[in-house]
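Undergrad: The structure follows.
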Amino acid sequence: MLTLANMVCGFYAIVHVGAVDWVDGEPLPANSFMAAAIAILIAMIFDMLDGRVARMTHTTSEFGAQLDSLADAITFGVAPGVMVAMLHAMGRYNGEYPLWSRMAWIFGAAYACGAVVRLARFNVHTESHDEEAHMWFKGLPSPAAAGVIASLVLVNAFFLSDRGNHRLSWIKPTHVEQAGHAIVNALPVIALVTGYLMVSQFRYVHFANAYLRGRKPADYLVAVIFLGAIGALVPEFALAAIFCGFAMTGPVSSLRRRWRGDRTAPASEEGPVLSVETRSPAPPSAAPAPPPRSGPPPARPSFPSGAHRRSSSGREKREE
């Protein structure tokens, strides 16, 4: 049921942005894109809970995994792509920028394709549904990519709303409005970049399993309360900072690993540094000599002076 609720939220978002009518550059209904973005964020909660509930109730199955991927493809792939395309529909510009409207449509479709490819690759490479197998992801997860688009749409709505003008009264209203339009204009390019990050080889940590799973110290609770208080003041900016910052962790971590490797490479080219662990082993030694004998050497047997002559003459006689 939670997976289907996730899909219903995506369907709700697609219907809302698809029914937008542009009049003099303004969408009608005015809150359609904001409602669609909120629906995508709510779907993330359902997506986070469905797998955890299935593991708690021991009802995980291959059918549930495939259903979850199909729901994610609709909610976190198609819905954000349609949102990007509709934000730059020709009706918004009264037909003055048809090329840019087509480019926004193409970038939105590229985002949706990246999400579907990302989910298909995840299904092929995942062999276990346990939480231990989901500590890292290859490529930006599709819910996080959709969170980037949805949170920026909410920031744009905040800039253009009366609440935003009231809280940002210390900034000129024209600057606030320009910031909102700048976010919308950059959204198709951001969608294209997030689409690439989803199919990239960058590693992303599973935030919930890595930082929220198991028993945590009291410092975690203090940090959560502090961040929650800041997010309550400006939730749109907090969400945008979280999702955009998480999307950048993959490329930044990759650059850090490469930079550290480049710095250690010259040291290895100069030759090994001798230490206790790197010295070459000593050649095998010869067999140990027997310990010296104590006391006088053994006496050699002595014979009488004529005994040897008598024995030899006896042999000569027998041979004759």
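The values are calculated or read from the model by the stated rules, or taken from the named source; none is laboratory data. Treat the numbers as computed from the prediction; the structure is a model and nothing was measured. Glycine also receives a Cβ, built like all others from the backbone with ideal geometry; neighbour counts cover every protein chain displayed. Side chains are part of the model used for accessible areas, which takes the heavy atoms of the whole protein and leaves out ligands, DNA and RNA. Shrake-Rupley method; radii C 1.70, N 1.55, O 1.52, S 1.80 Å.
Undergrad: Among the residues of the stretch 91-126, write down those that are over 18 Å from PRO141 (Cβ atoms) and outside any helix (DSSP H, G or I).
TA: Applying the first criterion (over 18 Å from PRO141 (Cβ atoms)) to the stretch 91-126 yields 91-109.
Answer for the stretch 91-126, where residues must be over 18 Å from PRO141 (Cβ atoms) and outside any helix (DSSP H, G or I): GLY91, ARG92, TYR93, ASN94, GLY95, GLU96, TYR97.
Undergrad: Let me ask something else. Inside the stretch 25-59, can you point out the residues that are free of Cβ contacts under 8 Å to residues at least 24 places away in the same chain and assigned to a loop (DSSP other than H, G, I, E, B)?
TA: PRO29, ALA30, THR57, HIS58, THR59
Undergrad: May I ask you to list pairs of residues, at least six apart or on different chains, whose Cβ atoms are under 7 Å apart, with the first in the stretch 163-189 being in contact (Cβ under 8 Å) with a residue 12 or more places away in the chain and the second being surrounded by 14 or more Cβ atoms within 10 Å (Cβ to Cβ) and in a loop (DSSP other than H, G, I, E, B)?
TA: From residues that are in contact (Cβ under 8 Å) with a residue 12 or more places away in the chain, the pairs are VAL176/LEU168; GLU177/LEU160; GLY180/LEU160; PRO188/HIS88.
Undergrad: Continuing with this model, one more query. Just to be sure before I move on: is ALA85 touching a residue at least 12 places away in the same chain (Cβ under 8 Å), in a helix (DSSP H, G or I) and within 22 Å of TYR204 (Cβ to Cβ) in the structure I sent? Reasoning before the result, please.
TA: Values: touching a residue at least 12 places away in the same chain (Cβ under 8 Å): yes; in a helix (DSSP H, G or I): yes; within 22 Å of TYR204 (Cβ to Cβ): no.
So ALA85 does not fit the description; no.
Undergrad: Determine whether the stretch 194-206 contains at least one residue that is open to solvent by less than 20 Å² (accessible area, probe 1.4 Å), in contact with a Lys or Arg (Cβ under 6 Å, 6 or more places away or on another chain), of a type in the set (A, V, I, L, M) and within 21 Å of GLY114 (Cα to Cα). So that I can check it myself, show each step before the final result.
TA: We begin by selecting, within the stretch 194-206, every residue open to solvent by less than 20 Å² (accessible area, probe 1.4 Å); these are 194-195, 197-198, 200, 204.
Within this subset, residues satisfying the condition of being in contact with a Lys or Arg (Cβ under 6 Å, 6 or more places away or on another chain) are 198.
If we keep only those that are of a type in the set (A, V, I, L, M) as well, we get 198.
If we keep only those that are within 21 Å of GLY114 (Cα to Cα) as well, we get 198.
Scanning the stretch 194-206 turns up at least one residue that is open to solvent by less than 20 Å² (accessible area, probe 1.4 Å), in contact with a Lys or Arg (Cβ under 6 Å, 6 or more places away or on another chain), of a type in the set (A, V, I, L, M) and within 21 Å of GLY114 (Cα to Cα).
Undergrad: Scan the stretch 10-65 for residues that are of a type in the set (Asp, Glu), modelled with pLDDT of 85 or more and surrounded by 13 or more Cβ atoms within 10 Å (Cβ to Cβ) and jot them down.
TA: Answer for the stretch 10-65, where residues must be of a type in the set (Asp, Glu), modelled with pLDDT of 85 or more and surrounded by 13 or more Cβ atoms within 10 Å (Cβ to Cβ): just ASP47.
Undergrad: Follow-up question, since we're still on this one. May I ask you to list the residues in the stretch 237-263 that are of a type in the set (D, E, K, R) and either within 23 Å of the chain's Cα centre (by Cα) or within 28 Å of VAL199 (Cβ to Cβ) (or both)?
TA: Once the filter is applied, which keeps residues that are of a type in the set (D, E, K, R) and either within 23 Å of the chain's Cα centre (by Cα) or within 28 Å of VAL199 (Cβ to Cβ) (or both), the stretch 237-263 yields ARG256, ARG257, ARG258, ARG260, ASP262.
Undergrad: Next question, about the same structure. Criterion first (at pLDDT 95 or above and open to solvent by less than 60 Å² (accessible area, probe 1.4 Å)) does ALA5 satisfy it?
TA: Working: at pLDDT 95 or above: no; open to solvent by less than 60 Å² (accessible area, probe 1.4 Å): yes.
No.
Undergrad: Just to verify a result, which residue in the stretch 86-99, among those that are over 16 Å from VAL148 (Cβ atoms) and open to solvent by less than 80 Å² (accessible area, probe 1.4 Å), is farthest from the chain's Cα centre (by Cα)? Show your work before the answer.
TA: Step one: filter the stretch 86-99 for residues over 16 Å from VAL148 (Cβ atoms), giving 86, 88-99.
In the following step, the residues that additionally are open to solvent by less than 80 Å² (accessible area, probe 1.4 Å) were identified as 86, 88-89, 91-93, 95, 98.
On the way: MET86: 29, HIS88: 30, ALA89: 33, GLY91: 38, ARG92: 36, TYR93: 38, GLY95: 40, PRO98: 36 Å.
Result: GLY95.
Undergrad: May I pose another question? From (1) open to solvent by 10 Å² or more (accessible area, probe 1.4 Å); (2) in a helix (DSSP H, G or I), pick out the condition that doesn't hold for ILE149.
TA: Condition (1) is where ILE149 drops out.
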